[in-house]
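What follows is calculated from the coordinates using simple rules that are stated; it is not laboratory data. This is a predicted model, so every value here is computed, not measured. Glycine gets a Cβ as well: all are built from the backbone with ideal geometry, and neighbour counts include every protein chain shown.
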Amino acid sequence: DRIALKSDKITVRSFVNTAHVKKTAVTTRVMQLIHNVLNKNIHITKRDLFYTDVKLFVDQAASDGVLDDVACMLGCTRTSLNVVASEKGVVVGKLRFVDDGDPIDCSRMGAGGKAIPPFTDRLTNIESEAKFILLVEKDAAFMRLAEDRFYNSYPCIIITAKGQPDVATRMFLKRLREELKIPVLGLVDSDPYGLKILSVYMSGSKNMSYDSASLTTKGIKWLGVRPSDLDRYNIPEQCRLAMTENDIKTGKAMLQEDWVQKNPEWVKELNLMIRTKKKAEIQALSSFGFQYLTQVYLPQKIKRGDWI
């Protein structure tokens, strides 16, 4: 139950077929490099893998695609091949752990936070007094929360991948959720793409579907910004953006997704967004003051248990 394959389709690459020569050569080279990495018990990034033989790969998409193919072929996760994603996400708040022998206290990392390590298997002694994990879409909102030390007023762990979730952040979130057994609250823009970001954390992405069991965190709650918040918190009209045709199309497509249909409240909010054709960013809350997010909006939401 650890591996979810992309489809039933099987691709054959023949060593004696001229049409398959390039792809077969790339596959063989990637397997050779991975074998060397595993023998040395070291970790590399996908970028490292590409630069090992630029002349053969030409483009990183070629080595990245074959890397996923090899993981599927061997029936294992990409991380177990010791190929990891570059650091992108950051964490701050009531969290302590040991990273490959080095003690880390995420409440003492300043406003910039601690870079989420790509080697989650090396993390030990995870400890926390947090009551919840606050998963934030954007770096700007994360910076405000970190600078205001929001985690001291409301004991929590604050995480962001600075936009589209990367593998390391998704693995880190899943590890924390499983070990600490505390809820995860999502703070994203009130638009279809904010919800899509939550969906990647919850259900995975198509490209990494074969590794979804180790990357998905079930039961994330949508804290905000929700479409109903626009009127509830009197967001000014000039901060409400008109949805594009593509936004509306994406929103309607999301209404058909199983993970949305399972939650009637999510369906209600998404229908409201499509009906009003309005969206808003987290930063729209700054129209009431730069610290409105940390001093008014989130405290009210958390005290009322206003998440779905």
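Key figures for this structure:
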read-out: Ellipsoid semi-axes in whole angstrom, largest first, where each is sqrt(5λ) of the Cα gyration tensor of the range 163-308; value: 25, 20, 13
read-out: Alpha-carbon Debye profile of the range 93-216, log10 I(q)/I(0) at 0.19 Å⁻¹; value: -1.08
read-out: Virtual spin-label span in nm between Asp258 and Val296, 7 Å along Cα→Cβ; value: 4.2 nm
read-out: Cα gyration tensor category, rounded, prolate or oblate, for the range 20-159 with a/c compared to 1.5; value: prolate
read-out: Listed pairs Lys88/Lys218; Lys181/Lys221; Lys46/Lys88; Lys181/Lys218; Lys249/Lys301; Lys46/Lys138 exceeding 19 Å between Cα atoms; value: Lys88/Lys218; Lys249/Lys301; Lys46/Lys138
read-out: Taking the C-alpha atoms of the range 227-266, convex hull volume expressed per residue in Å³; value: 69 Å³
read-out: Extension gain (nm, one decimal) between Ala242 and Glu178, 0.36 nm per residue minus Cα-Cα; value: 19.2 nm
read-out: Two-site label geometry, Arg275 and Asp231: point separation in nm, points 7 Å out along Cα→Cβ; value: 0.8 nm
read-out: Where labels lie 7 Å past Cα in the beta-carbon direction, separation of Tyr51 and Lys249 in nm; value: 3.8 nm
read-out: For the chain, size of Cβ-based charge dipole, Lys and Arg +1, Asp and Glu -1, in debye; value: 400 debye
read-out: Compactness index (Cα Rg / 2.2 N^0.38 Å), the chain; value: 1.10
